[in-house]
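Visitor: One structure follows; several queries about it will come next.
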């Protein structure tokens, strides 16, 4: 099955000289530019996920995410382009201006949203929508199809290394929520026999569960392409780092805010507090600690301007109050339970 072309590749690699240190170079993979209207890491995943949905005759898809989920917005945007009706079960996250904009943009794309007031309610509500005929798109697009998009992305990077566009990275730092991006990269780097180790920066407080899921997904993705990787082999090319999580999912951190300023002022990169700021803070730590000669930060947040998507969006006051109630005030606990 051929993927649907939604993005433009290869995405560029860029040396961030202003944020590098002697003997410790920092590079960025510009997956924020996968699509000019809405980029980021979901584009590569949805190329395969949506192609499979159309191949089986789906007309309506159902996904799940936080109320300010980039995955939900991307699914709504590209699903509409392909003539699919898109529904999503949304759960709470701390309120930020960015989260409000993402929610409004998704609604402007025709998203039909259902509010789940707790994580416990999510499986039941998703089950109702799929029983009613919707095809499930997993959270974050993180199944084998979605991870396969990042298997191919790892091979894309390997070709860029071979062409001399950048040195072979010692570590590749990427935000890790549902695990599909990190899993696909780890499988792809192993397939290409690269030395690069993926560092998945946890944005939810479920490191042990995330490790199990991401490892299993990486192995399944590798098997799809004829590579049999042991648990130990994945362990050598994939590690999880939860030191930059802070109080939990969606809660900004001081390290993340400092990373956002550094990225904006010294590298012209835009980050978000939930995912990419925490991952970039980890990448900066690797540089400052001289833990790697070459660190690659894989930028997963769309850098396309949000304003065109917001032109037809409802104002916040016109959004269903049940959805607005999912935007938690500062100081609220994380929607994800701490194990």
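Where a number appears in this text, it was derived from the coordinates with a stated rule and is not lab data. From a predicted model like this one, the values you see are computed outputs, not experimental measurements. Here the Cβ is made from the backbone with ideal geometry for all residues, glycine too, and neighbour counts use every protein chain on show.
Visitor: What ranking of 300, 11 emerges when the number of other C-beta atoms within 10 Å of each C-beta is taken as an exposure proxy, fewest first?
Guide: 11, 300
Visitor: Quickly rank 108-114, 286-292 as a protection proxy: mean count of other C-beta atoms within 10 Å, highest first.
Guide: Result, highest mean first: 108-114, 286-292.
Visitor: Which of rounded, prolate or oblate describes region 42-141 when judged by the alpha-carbon gyration tensor and an a/c cut-off of 1.5?
Guide: Because a/c hits 1.5 or more and a/b fails to exceed b/c, region 42-141 counts as oblate.
Visitor: Continuing with this model, one more query. Once you have a ≥ b ≥ c as the square roots of the Cα gyration tensor eigenvalues for region 145-287, tell me rounded if a/c is under 1.5, and otherwise prolate or oblate according to whether a/b is larger than b/c.
Guide: Here region 145-287 falls in the oblate category.
Visitor: Compute the label zone of residue 121 within region 39-71: residues whose backbone N is under 20 Å from the point 7 Å along Cα-to-Cβ.
Guide: Flagged as within label range: 62-69.
Visitor: Ok, one more. Mind ranking 139-151, 266-278, 157-169 by how tightly packed they are, going by the mean number of other C-beta atoms within 10 angstrom, highest first?
Guide: 139-151, 266-278, 157-169
Visitor: Fully extended, how many nm does the chain gain between residue 268 and residue 59 (0.36 nm per residue separation, minus their Cα-Cα distance)?
Guide: Fully extending the segment from residue 268 to residue 59 adds 71.3 nm.
Visitor: What angle, in degrees between 0 and 90 and rounded to the nearest 10, separates the Cα long axis of helix 276-288 from the longest principal axis of the Cα atoms of the chain?
Guide: 10
Visitor: Using the beta-carbon distance between residue 159 and residue 318 and R0 = 45 Å, what value does 1/(1 + (r/R0)^6) give for FRET efficiency, to the nearest 0.05?
Guide: Given R0 = 45 Å and the Cβ-Cβ separation, E is 0.45.
Visitor: Provide the FRET efficiency to the nearest 0.05 for the residue 261-residue 290 pair, computing r from the beta carbons and using R0 = 22 Å.
Guide: 0.50
Visitor: Here is a follow-up. Which whole-angstrom value gives the distance between the alpha carbon centres of region 284-325 and region 156-215?
Guide: That distance is 19 Å.
Visitor: Same structure again: Specify the angular offset, from 0 to 90 degrees and rounded to the nearest 10, of the alpha carbon long axis of helix 207-224 from the longest principal axis of the alpha carbons in the chain.
Guide: 80
Visitor: Same structure, new question: Can you give me the angle between helix 180-191 and the longest principal axis of the chain, using Cα atoms only, in degrees from 0 to 90, rounded to the nearest 10?
Guide: 30
Visitor: List 71, 251, 264, 15 from most exposed to least, where exposure is judged by having the fewest other Cβ atoms within 10 Å.
Guide: 264, 15, 251, 71
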